[in-house]
Amino acid sequence: QVRLVESGGGLVQAGGSLRLSCAASGITVSIRTMGWYRQAPGKQRELVATITSGRSTNYADSVKGRFTISRDNVKNTVYLQMNSLKPEDTAVYYCRGQDLPRVYWGQGTQVTVSS
């Protein structure tokens, strides 16, 4: 059974930082494409960042240069370091694990950035 458990969300002022964690079980993050997505109220869920088994990364244009996705193979955990946060980054952030054809999602963690 695959479980993805996000943590690290919260309330932060604009310009601040947060680090999200996604602890995985039942799926090995080092050999799968893992990602972070977000969904703001009234909007569709959108890609934030992904990391492949070869550590290639991809970012949404809106977060390039501010967010960094990484993973710890020993802890089987994926991280999203978020710096220079903006109010428009406010959303529920979801961890996604890809083991095609299956895709797995965490329950999400709320990030709120105040102006």
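Quick rundown of the values:
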| quantity | calculated |
| --- | --- |
| Long-range HN-HN contacts of residue 33 with modeled amide H, under 5 Å | 53, 98 |
| Solvent-accessible area, 1.4 Å probe, carbon plus sulfur percent, for the chain | 45 percent |
| The chain, relative contact order [Cα under 8 Å, separation at least 6], % | 36 percent |
| Å² per residue, accessible surface of the range 1-68 at 1.4 Å | 55 Å² |
| Longest DSSP-loop-exposure-free segment, trypsin sites (Lys or Arg not before Pro), the chain, at most 11 other Cβ within 10 Å | 65-115 |
| Nearby lysines by direct alpha-carbon distance to residue 86 (threshold 22 angstrom, same-chain neighbours under 8 apart not counted) | 43, 64 |
| Table column - 3J(HN,Hα) (Hz), the range 70-77, Karplus curve with 6.51, -1.76, 1.60, x for Gly and Pro | 8, 8, 10, 5, 5, 7, 6, 10 |
| Exposure ranking of 89, 99 by accessible area [1.4 Å probe, largest first] | 99, 89 |
| Exposure rank, largest accessible area first [105, 36; 1.4 Å] | 105, 36 |
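The values are calculated or read from the model by the stated rules, or taken from the named source; none is laboratory data. Note that the structure is a prediction, hence the values are computed from the model and not measured. Note that each Cβ is placed from the backbone with ideal geometry, even for glycine, and that neighbours are counted across all protein chains shown. When the accessible area is computed, the model is the full protein with side chains, heavy atoms only, and any ligands, DNA or RNA have been set aside. Shrake-Rupley method; radii C 1.70, N 1.55, O 1.52, S 1.80 Å.
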